[in-house]
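Comments concern the structure below.
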Amino acid sequence: KSHTAKMLVISSVARMILYISRSYVGSAHDFGILKDEFPPEKRWFTRFKIRLDLGFLGFGDLYPCKQLYIPIKKPKKLELPQEAKAENKAQASQRVVIEHSIGGLKRYRILSDRLRLRDPSLYDSIVGICAGLWNFNLITH
C-alpha cells in the first residue's frame, strides 16, 4: 500500500510544463484542485484555448475562456453517437500532448518510484526541479 499525491499540471502544445500545483492527497478531485489553485472569481483563462478531460466537467460554467474542448460524456444506459465518438477521438489526439509532458516528468524515477521522505513538503520542490529539467531537455533537443 502507498499514499498517492496528485498535482494539477498545465502544459503547452510544445509539451512545456507551464504550471504545477502543490501536491494534494490522491483522493482529491481534479476540478476541486483547479478551483482551489485558480479561484473562479478571477478571469484566469479568458485568452486561452483549453483542452480538458472529463474530470473537469463544469469548467465552462465557472471559467470563461477563448475556446473549451472537453469530451462528450456517454449518456447513462445509451450509446454515444458516432459523431460524438469521432469528436472525442479528435480531442484525445490533441490532449495526448499533455499526457506526453506528464510522462516526461515521470522519466525522473524519483517521481515514479516510491518516495520515502520524512518531510512531504519537500516533494513539491522535487517535482518543480523535475519540471525544470524536463523543460530544459525540451529546449536543448
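The values are calculated or read from the model by the stated rules, or taken from the named source; none is laboratory data. Note that the structure is a prediction, hence the values are computed from the model and not measured. FYI the Cβ positions are ideal-geometry reconstructions off the backbone, even for glycines, and counts take in every protein chain you see. Accessible surface areas use protein heavy atoms only, side chains included; no ligands, DNA or RNA. Shrake-Rupley method; radii C 1.70, N 1.55, O 1.52, S 1.80 Å.
Only one residue in Arg43, Arg51, Arg15, Arg22 is more than 16 Å from the chain's Cα centre (by Cα) and of a type in the set (Lys, Arg), so which one is that?
One residue alone meets the criteria, Arg43.
From the list Gly104, Gly32, Gly60, Gly26, which one is within 19 Å of Tyr123 (Cα to Cα) and either β-branched (Val, Ile, Thr) or out of contact with any helix residue (DSSP H, G or I) (no Cβ under 8 Å at 6 or more places or on another chain) (or both)?
Criteria check complete, one pass: Gly26.
Given (1) open to solvent by 90 Å² or more (accessible area, probe 1.4 Å); (2) in contact with a Phe, Trp or Tyr (Cβ under 9 Å, 6 or more places away or on another chain); (3) under 26 Å from Phe136 (Cα atoms), identify the lone condition not met by Glu99.
Single failed check for Glu99: (2).
Conditions (1) out of contact with any Asp or Glu (no Cβ under 8 Å at 6 or more places or on another chain); (2) open to solvent by 60 Å² or more (accessible area, probe 1.4 Å); (3) of a type in the set (Asp, Glu); (4) within 16 Å of Val96 (Cβ to Cβ), marked per residue:
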position: Tyr19; (1), (2), (3), (4): yes, yes, no, no
position: Ser23; (1), (2), (3), (4): no, no, no, no
position: Gly26; (1), (2), (3), (4): yes, no, no, no
position: Lys42; (1), (2), (3), (4): yes, yes, no, no
position: Thr46; (1), (2), (3), (4): yes, no, no, no
position: Arg51; (1), (2), (3), (4): yes, yes, no, yes
position: Asp61; (1), (2), (3), (4): yes, yes, yes, no
position: Gln67; (1), (2), (3), (4): yes, yes, no, no
position: Ile72; (1), (2), (3), (4): no, yes, no, no
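In the list Ile129, Ile139, which residue meets the criterion of being part of a helix (DSSP H, G or I), open to solvent by 40 Å² or more (accessible area, probe 1.4 Å), without any contact (Cβ under 8 Å) to a residue 12 or more places away in the chain and farther than 19 Å from Leu8 by Cα?
Unique residue meeting the criteria: Ile139.
Ala84: of a type in the set (A, V, I, L, M), open to solvent by less than 80 Å² (accessible area, probe 1.4 Å) and under 20 Å from Ser11 (Cβ atoms), yes or no?
no
May I ask you to list pairs of residues, at least six apart or on different chains, whose Cβ atoms are under 8 Å apart, with the first in the stretch 50-72 being at positive phi and the second being surrounded by 14 or more Cβ atoms within 10 Å (Cβ to Cβ)?
Gly58/Phe31
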